[in-house]
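*Asks:* Okay, here's the structure, questions in a sec.
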Amino acid sequence: MRSKFLMLASAIGVAMLAGCGGPKTDAQGFVIDPDFEKTLQGKLLDAKPGDVVTIPAGKYALSRSLSLTANGVTVKGAGMDKTILSFAKATSGAEGMLVTGDDFTIQDLAFEDTKGDALKINGTKNAVMRRVAVSWSGGSKASNGAYGLYPVQVTNVLIEDSVVKGASDAGIYVGQSNNIIVRNNRAEGNVAGIEIENSSHADVYGNTATDNAGGILVFNMPNLPVPGSKTRVYKNNVVANNHANFGAKGSAVSSVPPGSGVIVNSNDEVEIFDNDVKDNKTANVIISSYFSTGFDTKNGIAAAYDPYPENIFVTDNRFSGGGDDPGGASRR
């Protein structure tokens, strides 16, 4: 009886070890599964409200963008350092993933090397991005995708516990949206770390923005459908955002001076408080109008657009260093 028990225990141990080996991978570390991409996109196309689409641990090479139109769907990986969707070999599509369905949640996975934006959520309500990583393996380059996490025209946005590195415009960008929480994220090596643009009622807190050209931006740009106001930026670490600005020439973000901590441009009713802001070589905080950006205004701007920031409160922050080398040669 004892020998049978030992044999059974040994067999279970071997099975467990075999299961721990994980999926087979090629020389570049990609999971060898010819049906993975087709199966995943099929699940997204067929998804119904309440469905949870799970993606197991592994690094997967995709050839084209993913899309989701259904409402009420959750996409879930095994961890943002465990489930990695790589678009380095993609041959079609702009975004890594485009979502147009309401009540969407994505968590615990990573996007790498997208040609365009990594995750775009467009024209929806109730979007949650939690523990999502975005990066470009070649570092900070103009050829990288513009945006990492990119909800636009969304009502009710939550972005938390995520990491974005290397976006050629903004790592975390929320545009033309309302009711927004961006908390406990890390933005590093982007042109703009975190940007709230033409959006209202945003709380940006608990984040770390470092080694971007600009740390945290609150902008209102002209000729967009809605203006923004009422953003609170608090309890963030905005440190040493002195990276060279590698944004596309002529883009709005290309006007951001390297070495900028927090910038408010043409936005109203913004509160900046209880932050640690230091060692941003141009300025720790910049409050400016649209006319300071140097953009062409000869073609005109909408009559309703207000280019001047109003009711900006900067209180109870902890400042150190910064402003000691504006536009200097120390930019990388």
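*Asks:* Helix-only mean residue ellipticity at 222 nm, the chain, DSSP H runs n ≥ 4 weighted -39,500 (n - 2.57), per residue, nearest 500. What is it?
*Replies:* Numbers: 2 runs with 30 residues, N = 332.
Result for the chain, helices only: -3000 deg cm²/dmol.
*Asks:* So which lysines pass the test for LYS115, namely a Cα distance under 27 Å, with those fewer than 8 places away in the same chain ruled out?
*Replies:* Filter leaves LYS24, LYS38, LYS43, LYS59, LYS76, LYS82, LYS89, LYS125, LYS141, LYS165, LYS249.
*Asks:* Could you calculate the contour length gain from VAL226 to THR100, that is, 0.36 nm times the residue separation minus the distance between their Cα atoms, to one decimal place in nm?
*Replies:* On the way: separation 126, 0.36 × 126 = 45.36 nm, distance 1.96 nm.
Computed gain between VAL226 and THR100 is 43.4 nm.
*Asks:* In a shell of Cβ-Cβ distance under 10 Å around GLU188, excluding GLU188 itself, what net charge do Lys and Arg (+1) and Asp and Glu (-1) give?
*Replies:* Details: positive: LYS165, ARG186; negative: ASP211.
Every neighbour counted, the sum reads +1.
*Asks:* To the nearest 10 degrees, how steep is helix 2-20 against the longest Cα principal axis of the chain, on a 0 to 90 scale?
*Replies:* Helix 2-20 sits at roughly 30 degrees to that axis.
*Asks:* Kindly provide the Kirkwood hydrodynamic radius of the chain in Å, to one decimal, from all pairs of distinct alpha carbon atoms. Could you put the intermediate results ahead of the total?
*Replies:* On the way: mean 1/r = 0.0480 Å⁻¹.
For the chain, inverting the mean 1/r across all distinct Cα pairs yields 20.8 Å.
*Asks:* So how much accessible area does GLU310 have, in Å² to the nearest 10, using a 1.4 Å probe?
*Replies:* 90
*Asks:* At 1.4 Å probe radius, can you tell me the per residue accessible area of the chain in Å²? Before the final figure, lay out each step's value.
*Replies:* Details: 14870 Å² over 332 residues.
Ligands and nucleic acids excluded, the result is 45 Å² per residue.
*Asks:* Could you check what % of the DSSP bridge pairs in the chain are antiparallel, to the nearest 5?
*Replies:* Details: 1 of 104 bridges.
Here the antiparallel bridges make up roughly 0 percent for the chain.
*Asks:* Placing unit charges on C-beta atoms (Lys and Arg positive, Asp and Glu negative, everything else neutral), compute the dipole magnitude of the chain about its Cα centre in debye, rounded to 20. Display every interim value, and only then the final one.
*Replies:* On the way: 30 positive and 34 negative charges, 233 e Å.
The dipole of the chain has a size of about 1120 debye.
*Asks:* Turning to a different aspect of this structure: How many nm is it between the label spots at THR25 and ALA248, if each spot is 7 Å from the Cα in line with the beta carbon?
*Replies:* My value for the distance between the label points is 3.3 nm.
*Asks:* Follow-up. If I compute solvent accessible area with a 1.4 Å probe over the protein chains, what percent of it on region 183-241 is carbon and sulfur? List each step's numbers first, then the result.
*Replies:* On the way: 790 of 1620 Å².
Ligands and nucleic acids excluded, carbon and sulfur give 49 percent.
*Asks:* Considering only protein heavy atoms and a 1.4 Å probe, what is the carbon-and-sulfur percentage of the accessible area of region 79-170? Write out the running numbers ahead of the final one.
*Replies:* Values: 1360 of 3030 Å².
Answer for region 79-170: carbon and sulfur cover 45 percent of the accessible area.
*Asks:* Still on this structure: What do you get for the angle between helix 36-46 and the principal long axis of the chain? Use alpha-carbon atoms, 0 to 90 degrees, nearest ten.
*Replies:* Relative to the chain, helix 36-46 is tipped by roughly 70 degrees.
*Asks:* Residues with beta-carbon under 12 Å from that of ALA70, excluding ALA70: net charge, scoring Lys, Arg +1 and Asp, Glu -1? It would help to have the intermediate numbers written out before the result.
*Replies:* Numbers: positive: LYS43, LYS48; negative: ASP46, ASP51, ASP102, ASP103.
Residues near ALA70 contribute -2 overall.
The values are calculated or read from the model by the stated rules, or taken from the named source; none is laboratory data. Since the model is a prediction, treat every value here as computed from it, not as a measurement. Backbone-built Cβ (ideal geometry, glycine too); neighbour counts: all protein chains shown. These accessible areas exclude ligands, DNA and RNA; they are computed on the full protein's heavy atoms, side chains included. Shrake-Rupley method; radii C 1.70, N 1.55, O 1.52, S 1.80 Å.
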